[in-house]
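Novice: Got a structure for you, questions after.
The values are calculated or read from the model by the stated rules, or taken from the named source; none is laboratory data. Computed from a predicted structure; not experimentally measured. Cβ coordinates were reconstructed from backbone atoms using ideal geometry, including for glycine residues, and neighbour counts include every protein chain displayed. With ligands, DNA and RNA removed, areas are computed over all heavy atoms of the protein, side chains included. Shrake-Rupley method; radii C 1.70, N 1.55, O 1.52, S 1.80 Å.
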Amino acid sequence: MVLALGSCGGDGTAAPPPAPMTRTAAPTPADNGVAAESAEQILKDAVAALQRQRSFRLLGALRDGGDMTRMDLRIGDRDLQGRMTLALKGKSVPVDVAVHGRDFYLRGRAIFEQVGGVEAAKLFGDRWLKNPPNTENAAFVGLFTPEALAKDLERMSAKATKGPRTLLNGRGVIGVADSDTVVYVATTGDPLPLRFSTRGEPLDGEGFNLTEFGVPFTVTPPADAIDITKIRRS
């Protein structure tokens with residue numbers, strides 16, 4: 001009965017059929033004009049755009065000598081969390097990392113075994129290990145904070161040259177390079193640095209991409225973390 005009433009007009013005649021739905025295509029992002037600027041100005045714009053962001057995701061790989069380090073990290077002003085795969089003694093070893101304020105944490109039975117042997121792996125197992133902020137691992141992670149990447153861009157500007165426009169994962173970018181590094185800056189929307197790579201590497205080669213800008217995340221300090229400084233004192 002309810003269905004019958006809903007399908008009739010007030011005078012007893014059938015209601016007209018609903019109008020067909022229309023789909024509106026998503027607008028194409030407008031060109032932001034950085035491709036027409038000098039290499040130095042593009043990097044200044046990229047620094048400003050990066051400094052407006054509170055967080056991003058870093059995904060990729062870097063080579064240190066003959067060893068490759070792979071990273072999938074969420075990075076903020078003071079916090080970081082994610083996973084790295086390190087090359088140790090000829091093996092690829094995964095390790096979970098987290099930074100909260102000045103505290104640095106790592107977890108990974110395999111890395112404990114590679115560094116300290118079977119006994120270390122038994123001792124620490126799958127628990128988090130808390131490191132002081134001045135350790136090499138903490139310093140390495142600190143290379144990828146928004147502030148650190150902005151400083152890298154500023155250092156590049158003195159000897160930077162502009163490359164051709166291209167596409168990175170479907171988004172327009174322009175490459176700006178110094179003698180060692182190429183950064184790809186978005187040519188649509190905010191001129192964010194979307195990729196860092198070694199000069200001479202192909203676009204899909206060694207390097208790391210920045211994505212998911214502004215996506216919030218929370219790092220909760222592990223409650224059962226083992227403080228490495230207390231182990232050393234004992």
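Novice: With respect to Thr181, is the statement that it is at pLDDT below 95 and open to solvent by less than 50 Å² (accessible area, probe 1.4 Å) true?
Specialist: yes
Novice: Sticking with this one: Pairs only if they're at least six apart or on different chains, beta carbon under 7 angstrom, first in the stretch 52-73 and over 22 Å from Leu203 (Cβ atoms), second part of a loop (DSSP other than H, G, I, E, B); list them, first residue then second.
Specialist: Listed pairs, sorted by first residue: Gln53/Phe213; Gln53/Gly214; Arg54/Asp77; Arg54/Gly214; Ser55/Gly214; Ser55/Val215; Ser55/Pro216; Ser55/Phe217.
Novice: Condition (residue is of a type in the set (Phe, Trp, Tyr), more than 16 Å from Ala61 (Cβ to Cβ) and touching a Lys or Arg at 6+ places or on another chain (Cβ under 8 Å)) applied to the stretch 210-226: is it met by at least one residue?
Specialist: Yes; the residues of the stretch 210-226 include at least one that is of a type in the set (Phe, Trp, Tyr), more than 16 Å from Ala61 (Cβ to Cβ) and touching a Lys or Arg at 6+ places or on another chain (Cβ under 8 Å).
Novice: Of the numbered conditions (1) in contact with a strand residue (DSSP E or B) (Cβ under 9 Å, 6 or more places away or on another chain); (2) within 16 Å of Leu194 (Cα to Cα); (3) open to solvent by less than 90 Å² (accessible area, probe 1.4 Å), Leu167 satisfies every one except a single condition; which is it?
Specialist: (3)
Novice: Here's something else I'd like to know. Does Gly117 count as of a type outside the set (A, V, I, L, M, F, W, C) and open to solvent by less than 20 Å² (accessible area, probe 1.4 Å)?
Specialist: Considered against the rule, which asks whether it is of a type outside the set (A, V, I, L, M, F, W, C) and open to solvent by less than 20 Å² (accessible area, probe 1.4 Å), Gly117 comes out as no.
Novice: Give the residue, chosen from Leu80, Leu59, Leu106, that is under 21 Å from Leu149 (Cα atoms), open to solvent by less than 30 Å² (accessible area, probe 1.4 Å) and either of a type outside the set (S, T, N, Q) or not in a strand (DSSP E or B) (or both).
Specialist: Every option except Leu80 fails the conditions.
Novice: For residues in the stretch 17-56 being of a type in the set (D, E, K, R) and either at pLDDT below 85 or part of a strand (DSSP E or B) (or both), which is farthest from Leu153 (Cα to Cα)?
Specialist: Checked the stretch 17-56; the qualifying residue farthest from Leu153 (Cα to Cα) is Arg23.
Novice: Further question on the same structure: Give the residue, chosen from Leu73, Leu86, that is within 17 Å of the chain's Cα centre (by Cα), open to solvent by less than 60 Å² (accessible area, probe 1.4 Å) and of a type in the set (A, V, I, L, M, F, W, C).
Specialist: Residue meeting the stated conditions: Leu73.
Novice: Go through the stretch 159-187 residue by residue and tally those that are among the small types (Gly, Ala, Ser), more than 16 Å from Gly200 (Cα to Cα) and in contact (Cβ under 8 Å) with a residue 40 or more places away in the chain.
Specialist: 2
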